[in-house]
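First up is the structure itself, then whatever we jot down about it.
The values are calculated or read from the model by the stated rules, or taken from the named source; none is laboratory data. What you see is a predicted model; the values in this text were computed from it and never measured. Cβ sites come from the backbone with ideal geometry, for glycine too, and all protein chains shown count toward neighbours. Quick note on the areas: whole protein, heavy atoms, side chains included, nothing else; ligands and nucleic acids left out. Shrake-Rupley method; radii C 1.70, N 1.55, O 1.52, S 1.80 Å.
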Amino acid sequence: MRMIVWCLCILFSLHVFAEGDGLAKEGDQSPDFKYEDKDGKIHSLKEFKGKYVLIDFWATYCAPCKGDMPYMEKIQEKFKEKKIAFVGISIDTSKDVWIQFLKQNPLMGTQLIINLKDISFIHAYQVTTIPRYVLLDKEGKIVNINMPRPSNPEFVKILESLKGL
């Protein structure tokens, strides 16, 4: 319960401070991130240059996030030979809980966990609710800042419409 309250406080603070500069919008260059995977390796958005990037903001305690995971897995399988990277960014506060979840539920794509000392990336995207999906082009520019959920047929239609995928 304490974790849920803490997460709600973070999300509320993101919403309150979302009035300033530095907020991402479609057509903008995406801000960069430096988050780690379950093995402790740091990943940056820059390593995906030359590919479309689909960012999935999620958490282990989020029932809607978990509900869309099977759809996301099927979509990743469908597009595995295409020039698109799927990046999951967990906003979990416990890396141990997140790692345990990934052990029990192996997910495709690059799975990262937010660094709570630097929430500027999720702040820029005004992530106040999850799941949240963002699509970037091959140069890191924002194509769609609020993609539909993978369970929505429009999600696949948007990906299929991408040029040079």
Over region 66-79, the set of residues exposed (fewer than 13 other Cβ atoms within 10 Å of the Cβ) and over 20 Å from Leu102 (Cα atoms) is Lys78
Being more than 13 Å from the chain's Cα centre (by Cα), at pLDDT below 95, surrounded by 12 or more Cβ atoms within 10 Å (Cβ to Cβ) and farther than 14 Å from Tyr133 by Cβ is the requirement here; does Ala18 meet it? yes
Those residues of region 141-165 that are open to solvent by 40 Å² or more (accessible area, probe 1.4 Å) and in contact (Cβ under 8 Å) with a residue 24 or more places away in the chain come to a total of 5
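Here are some residues: Ile89, Ile99, Ile119. Which one is at pLDDT 95 or above and open to solvent by 10 Å² or more (accessible area, probe 1.4 Å)?
Result of the check over Ile89, Ile99, Ile119: Ile99.
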The number of residues in region 142-161 that are closer than 21 Å to Glu81 by Cβ and either modelled with pLDDT under 95 or polar (S, T, N, Q) (or both) is 1
Residue count, region 101-117, condition farther than 13 Å from Phe33 by Cβ, polar (S, T, N, Q) and more than 13 Å from the chain's Cα centre (by Cα), comes to 2
Evaluate region 102-110: report whether one residue or more is under 19 Å from Leu136 (Cβ atoms), touching a residue at least 40 places away in the same chain (Cβ under 8 Å) and of a type in the set (S, T, N, Q).
yes
Residues of region 32-59 being part of a loop (DSSP other than H, G, I, E, B) and either within 13 Å of the chain's Cα centre (by Cα) or among the charged types (D, E, K, R) (or both), in sequence order, are Asp32, Phe33, Asp37, Lys38, Asp39, Lys41, Lys49, Lys51, Ala59
